[in-house]
1. Two decimals is fine: what is log10 I(q)/I(0) at q = 0.17 Å⁻¹ for segment 33-221, from a Debye sum with one equal scatterer on every Cα and no solvent?
2. What is the calculated FRET efficiency for S165 to R204, with r their C-beta to C-beta distance and R₀ = 25 Å, to the nearest 0.05?
3. Within segment 33-221, what percent of beta bridges assigned by DSSP are antiparallel, to the nearest 5?
4. Give me the one-decimal nm value for the distance between modelled label points at S110 and A145, 7 Å along each residue's Cα-to-Cβ direction.
Amino acid sequence: MFDTGRMVVGTDQLDPALLEQLRPVTLTGEQLLEVPEPLLPLFPWGGIQRGWSVGVAGDGAWSLALAIWAEALGVEGWVAVVGAPDLGLVSASTLGVRLDRLVVVESPPSGEWSTVVASLVESFDIVAIDPAGPIGLRDARRLSARVREQGAVLFHLDGGHSWPSALDLTLTGCSEGWEGIGRGHGFLASRRLAIDAIGRRTGRPRSTSVLLPGPGGRLAVSG
């Protein structure tokens, strides 16, 4: 089922005309989705290439994904999230994701999973997945081809553990501690997060350190 915060639609009731309206229009010079400036050291090409499969793993993985979506989608992009009922919509809003551009989809039956995801890939800029079980090699190859063809980005919220092949890029977070607590008092304010990037497209492992959340709840440069 689709949940946009205003309506819930069963996957068997998808309106092809609606999906066609949502289909991303990508020009030759718009092959990159922007990423937050603090993460640029992980993306020497300047952003996320459309057609890629990207995973997030480790500490703060889902928060990292939300922060990336906020920048990548801007004011006009759309994201569909499949099979992640615990995704925090309050956190998404705090990190800058437009909730009116985010669609939550209940996990389809295993026999329909790849078909549902393939239809979403044709209509959304980012499709985020958290599969309940491993994905077969044939389905993975077909979906990867569809992602490249449509110029979407397939976001793996499980770090790609359910995927049978290597992702184009995987970001892994490791908490380095919290800031804001004094001697026996104070509030947790900012978490320092080290992020490593590795994958088929990175060339070499890359890393950076950020505050997530930083001041004001958004992703910020680590001092």
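Read-outs throughout are calculated quantities, based only on the coordinates presented, and are distinct from any laboratory measurement. Given the structure is predicted, the values throughout are model-derived calculations rather than measurements. No Cβ is skipped: glycine too gets one built from the backbone with ideal geometry, and neighbour counts run over all protein chains shown.
1. So the normalised log intensities are -1.09.
2. Taking R0 as 25 Å, the efficiency between S165 and R204 is 0.80.
3. 50
4. 2.4
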